[in-house]
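Data first, discussion second: the structure below is written as structure tokens.
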Amino acid sequence: MTKNILSIIMSVKNNEKYLDKCILSILGQTYKNFKFIIIDDGAQKKVKKKIKFYKDRDSRIKVIKNKKNLGLTISLIKAIKQSKSKFIARIDSDDFCHPERIKKQMEWIQKSKKRVLCGSNYFLIKKDKFLKKKI
């Protein structure tokens, strides 16, 4: 595999309910060349166990454990500092993304050296049903 030019970062405290769907949506991306940095920000045992389960099965995952809960912002800064990648993508532990999200964002941002930030649309979801698209 070539050098990762992308790191996807996520901080997790105690969001067990959506964590599997979130992690699987990242690991299932059509764009495969990335490092997935997960910050364990003082998570409960069940959450730690899930993170370890995925880390043991996918070499793209790197887990960083905070000694104590530092909060989202400090944890994300820590993840960025650990990244050796040119680009950073971010996901919250209670979100999931379309399988082509990263591919489309990487294609778009690399079209011009002037592009430094990329966002996307999102959908509001309730009980796994799409409610409406937001731009």
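The values are calculated or read from the model by the stated rules, or taken from the named source; none is laboratory data. These numbers come from a predicted model, not from an experiment. What goes into the accessible areas is simple: the full protein's heavy atoms, side chains included, and nothing from ligands, DNA or RNA. Shrake-Rupley method; radii C 1.70, N 1.55, O 1.52, S 1.80 Å.
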With semi-axes √(5λ) of the Cα gyration tensor in Å in mind, check (1) 31, 16, 14; (2) 23, 20, 14; (3) 22, 15, 14 and report the label derived from this structure.
(2)
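If you roll a 1.4 Å probe over the heavy atoms of the protein chains, what accessible area per residue do you get for the chain, in Å²? Please report the intermediate quantities before stating the final value.
On the way: 9230 Å² over 135 residues.
For the chain, the per-residue accessible area is 68 Å².
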Calculate what fraction, in whole %, of the accessible area of the stretch 39-95 sits on carbon and sulfur atoms when a 1.4 Å probe is rolled over the protein chains.
53
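Among Lys48/Lys111; Lys32/Lys67; Lys21/Lys103; Lys67/Lys126, which pairs are too far apart, with a Cα-Cα distance over 28 Å? It would help to have the intermediate numbers written out before the result.
On the way: Lys48/Lys111 38 Å; Lys32/Lys67 30 Å; Lys21/Lys103 19 Å; Lys67/Lys126 34 Å.
In this structure, Lys48/Lys111; Lys32/Lys67; Lys67/Lys126 exceed 28 Å between Cα atoms.
Given a cut-off of under 8 Å on Cα pairs at least six residues apart, what relative contact order in percent is computed for the chain?
Numbers: 209 pairs, mean separation 43.0, N = 135.
That works out to 32 percent.
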